[in-house]
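Okay, structure first, notes after.
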Amino acid sequence: MEKSKRKIIILAAIAILVIIILLWLMLRGSDVWQPQNSTPLANDNTSFIPPSKNLAYDPNVVPVFTETEFNVINLAKDFAARFGSWSTDNQGKNLEELLPLSTSNMKNYLAGIELNYDTENFTGISTKSLSAKIKTMDEESAVIIVSTQRIETNSQLEDKVYYQDIEIQASKIGDKWLVDAANWQE
């Protein structure tokens with residue numbers, strides 16, 4: 001009986017000690033987990049990046065994109081991903097999702113696409129927008145090149161991964177940017 005009491009007391013003491021150490025570490029803050037020096041290693045070409053708590057807003061820094069450019073790029077990337085993704089299980093759903101992002105010209109084009117899917121076997125393409133750059137832009141129109149990754153799945157459920165650019169032409173209709181044309185590049 002004496003040995004089991006002693007074991008319980010020792011285990012309780014260890015548990016209390018562990019809890020105290022954990023609380024102490026938590027109260028010290030995130031500095032415990034930060035690197036201790038900011039000197040890069042001899043063969044390391046990267047430099048030390050300070051913790052985010054040391055970052056500060058600088059009103060003198062000019063943003064990389066204006067708000068309009070940012071919105072146009074996001075429109076093009078969103079459109080490209082949806083336009084390039086389809087499957088036999090979800091026939092035409094991607095085209096329906098594009099209607100609110102499209103001018104009347106693009107809506108007419110989308111409505112004219114003939115959907116002729118073989119529903120016996122699954123096939124599809126999943127498209128992910130990786131990056132985008134504005135080729136030309138003025139007050140009323142823009143041309144954006146979106147780089148995508150496409151994964152084509154065949155009827156044997158085998159995947160083929162490839163990369164393809166798409167040129168998106170956008171127009172400003174009222175106060176909203178909409179896609180007017182989309183052309184896959186070879």
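Things worth noting here:
- Rounded Å value of the spacing that divides the Cα centres of region 1-26 and region 74-92: 58 Å
- What the Cβ-Cβ distance of residue 90 and residue 57 gives, at R0 = 45 Å and to the nearest 0.05, is a FRET efficiency of 0.55.
- Taking label positions 7 Å along the Cα-Cβ direction at both residue 104 and residue 9, the computed distance is 9.0 nm, reported to one decimal.
- Within a straight-line Cα-Cα reach of under 28 Å, residue 128 can be paired with the following lysines, leaving aside sequence neighbours fewer than 8 residues apart in one chain: 77, 93, 107, 160, 172, 176.
- Highest to lowest packing among 135-146, 14-25, scored as the average C-beta count within 10 Å: 135-146, 14-25
- Highest to lowest packing among 155-164, 68-77, 172-181, scored as the average C-beta count within 10 Å: 68-77, 172-181, 155-164
Values quoted throughout were computed directly from the atomic coordinates according to the rules given, and no laboratory measurement underlies them. Quick caveat: nothing in here was measured; it's all calculated off a predicted structure. Every residue, glycine among them, receives a Cβ derived from its backbone with ideal geometry; neighbour counts consider all protein chains shown.
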